[in-house]
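What follows is a short report on a single structure.
The values are calculated or read from the model by the stated rules, or taken from the named source; none is laboratory data. Just so we're clear, the structure is a prediction, and the values are computed from it rather than from any experiment. Virtual Cβ from ideal backbone geometry, glycine too; neighbours counted across all protein chains shown. The area values use the complete protein model at the heavy-atom level, side chains included, leaving out ligands, DNA and RNA. Shrake-Rupley method; radii C 1.70, N 1.55, O 1.52, S 1.80 Å.
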Amino acid sequence: MTIILIGIVILVLGFAAAKADPQIRNFKSMIQIVGVVVIIIGISISTVVQIEPGQVGVQKLFGKVNNNILESGLNIINPLVKVVTFDVRTENYTMSGVHDEGQKQGDDAIRVLSADGLEVIVDLTVLYKVVPAEAPRILQEVGIDYRNVLVRPICRTKIRDNAVYYDAVSLYSTKRDEFQSRIFADIEKNFKERGLLLEQLLVRNLTLPESVKATIESKINAEQDAQKMTFVLQKERQEAERKRVEAQGIADYQKILSTGLSDKLLQYEMIKAISVSPNAKLIFMTNGKNLPILVDSK
């Protein structure tokens with residue numbers, strides 16, 4: 001458009017200069033040709049627009065938005081149209097309490113009240129993107145600053161709305177995944193209504209009041225002590241069971257000995273012991289029937 005205006009200015013100046021100064025009349029045709037050439041070049045350039053990869057273009061003419069988007073690459077358009085580009089790749093919006101980590105300077109974490117009235121600080125990262133076909137509607141209804149107009153307030157509001165259903169300890173421990181799934185579904189629905197696609201929602205950190213932290217740590221320590229005591233008691237029971245079995249075995253053995261020993265068995269055991277003794281030489285014994293038994297240890 002700028003080049004077209006320059007060409008028109010050249011033509012106007014050429015006509016005006018030719019009337020004011022007769023000597024310039026000889027160059028009138030040349031000036032007109034230059035002006036026409038500049039206008040043609042400007043029109044040619046203005047009718048072709050390049051859209052970068054990962055972007056779409058929305059055409060706007062005299063305040064009216066065209067619903068037909070321009071894909072990436074070269075596109076032929078009306079030279080009077082202004083093209084507004086939208087990034088349709090995945091975008092990241094972080095709200096964090098760490099300085100300079102999020103999109104806002106300073107502490108930008110989300111402070112919510114839990115069901116038990118305690119303040120919980122939430123660090124959040126949102127991954128989303130613009131739905132290409134919805135880019136004209138976003139431009140018409142919201143504008144190009146949809147991050148601050150839609151993404152930020154919707155996320156902060158929905159997190160506060162859903163945090164009231166959980167107490168602080170549950171948010172920190174057992175209900176954290178459920179809380180994240182719940183706010184994801186809620187934010188996804190709102191994003192979809194406004195032309196955005198929510199890809200992922202990351203609850204990066206949950207900070208509890210110091211008093212609640214101390215309570216949780218005490219509870220964890222108590223649970224660990226209880227588990228340790230359970231292990232000790234189980235080990236003692238196993239040891240007691242082992243001793244009981246051992247004592248029962250000894251008792252059974254003694255009972256067998258007291259009821260099953262006989263003179264012949266004792267005599268046999270004595271002979272077996274003597275026979276392996278290195279000191280025994282030659283032994284005479286009787287077998288209970290006055291019959292001699294000769295034992296030679298060698």
The condition of being in contact (Cβ under 8 Å) with a residue 12 or more places away in the chain, under 29 Å from ILE51 (Cα atoms) and open to solvent by 10 Å² or more (accessible area, probe 1.4 Å) holds, among ILE138, ILE154, ILE144, only for ILE144
In this structure, is SER72 more than 25 Å from GLU199 (Cα to Cα) and touching a strand residue (DSSP E or B) at 6+ places or on another chain (Cβ under 9 Å)? no
Going through region 109-135 in order, the residues found to be open to solvent by 30 Å² or more (accessible area, probe 1.4 Å) and either β-branched (Val, Ile, Thr) or in contact with an Asp or Glu (Cβ under 7 Å, 6 or more places away or on another chain) (or both) are ARG111, LEU113, ALA115, ASP116, ILE121, LEU127, LYS129, VAL131
Every listed condition ((1) modelled with pLDDT of 75 or more; (2) within 30 Å of ILE121 (Cα to Cα)) holds for LYS104 save (1)
- Looking only at region 215-234, decide whether some residue is exposed (fewer than 14 other Cβ atoms within 10 Å of the Cβ), within 17 Å of ALA115 (Cβ to Cβ) and small (Gly, Ala, Ser). no
